[in-house]
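Below is one structure, written out as structure tokens; comments come after it.
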Amino acid sequence: MKPHDAVGTLLAALLFAASPAYGGWPGDPGKCKPDAVKAGSVCMDKYEASVWSVPNPTTTNKKLVAKIQNGVVKLADLTAGGATQISPSRSCSPSFPGTFPANGQWTAPLYAVSVAGVHPTACVTWFQAQQACGNSRKRLPSNGEWQLAASGTPEGAAGDDGSTQCNTTTAHDATNAGSRSGCISNYGAFDMVGNVDEWVADWVPRATGCTGSWSGSSDYQCLAGAATTGEPGALLRGGGFADSTSAGPFTVIGGFSPSHSDTASGFRCAR
């Protein structure tokens, strides 16, 4: 084969690999990892985040960390590697260790994972959420990205039947990620309404009051006023397990600082 023929053959193969019929470049922005769903140009985690401590992450569990960072880890992998879930809602026990403090200035890494079958992590500050996403080679989604991915998720006003609908009333606690089969967005993301409120990347002037609900829905919004002292506000989205009809895909709270944490506030990551 002549050199130019070989180049032409290689080019044709590469173009086919990038074609829609093939599915795009493996790992390119057009193809999400198994733990995420495609929403616009973003890969949004399929499940609310659970945070994990992995023993010996740079030695004996190096491969487990690689699975986490590549979006292919399974719950069985975490269990087999001796990983421990940190601060599951609502108990928040075991709590975040001193090596992963509220300000995010960690000295030992923790990792955010998108996996079904466990309660999402709560009692987590915005800073801890950001860092846990980063350690998994992800990030917090922007407010706009979150809104896009939440499209089609049922309103809290649709009711909580304790089985398939969004967890907004009946459990009085978080439920396992992905366990409410009807609480899913048009893009395939679970639990974007109820279960735990979710931090997004955006900061705003910290709200000092709430203005009630969005027009046309019962989704709660807290964006009124602006504090002139203290920390800014970081946005929480979607509502939690006790928010009843106030939870929904348009629910937004800007009244808490990035240092805030509580038993019903968690997050999810994006790439």
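The values are calculated or read from the model by the stated rules, or taken from the named source; none is laboratory data. Given the structure is predicted, the values throughout are model-derived calculations rather than measurements. Cβ atoms come from the backbone with ideal geometry, glycine included; neighbour counts cover every protein chain shown. Note: areas computed on protein heavy atoms with side chains; ligands, DNA, RNA excluded. Shrake-Rupley method; radii C 1.70, N 1.55, O 1.52, S 1.80 Å.
My understanding is that a pair violates if its Cα-Cα distance is over 23 Å; which of Lys38/Lys63; Lys38/Lys62; Lys62/Lys138 do that in this structure? As for pairs spanning more than 23 Å Cα to Cα, those are Lys38/Lys63; Lys38/Lys62. Residues of the stretch 113-153 with an amide N closer than 16 Å to a point placed 7 Å from the Cα of Glu231 along the Cα-to-Cβ direction: 122-132.
Over all directions, the average projected area of the alpha-carbon convex hull for the stretch 178-271 comes to how many nm²? Don't skip to the answer; put the middle values down first.
Working: hull surface 26.6 nm².
Here the figure is 6.7 nm², rounded to one decimal.
Entry comment: accessible area of the chain is 44 Å² per residue, from protein heavy atoms only and a probe of 1.4 Å. For the stretch 81-120, backbone nitrogen atoms closer than 14 Å to the point 7 Å from Asp173 Cα along Cα-to-C-beta are found at 88-94, 118-120. Rg over Rh for the stretch 90-131 works out to 0.95, using Cα positions for both radii and the Kirkwood form for Rh.
Listed by chain and number, the aspartates and glutamates whose alpha-carbon sits under 16 Å from that of Lys33, ignoring those within fewer than 8 places in the same chain, are Asp45, Glu48. Between Thr59 and Asn143, the simple label model (points 7 Å from Cα in the Cβ direction) yields a spacing of 4.6 nm.
Under 5 Å from the amide H of Ser89 lie the amide H atoms of Thr121, Ala122, each residue being 5 or more positions distant or on a separate chain, with H modelled from the backbone and absent for Pro and chain starts. In a simple Cβ point-charge model (Lys, Arg +1; Asp, Glu -1; nothing else charged), the chain has a dipole of about 1020 debye relative to its Cα centre.
Helix 3-17 and the long axis of the chain differ in direction by around 30°, with both axes built from C-alpha atoms.
Within the listed set Val204, Val65, Val193, the Gaussian network model of the chain (springs between alpha-carbon atoms below 10 Å) gives the highest mean-square fluctuation for Val204.
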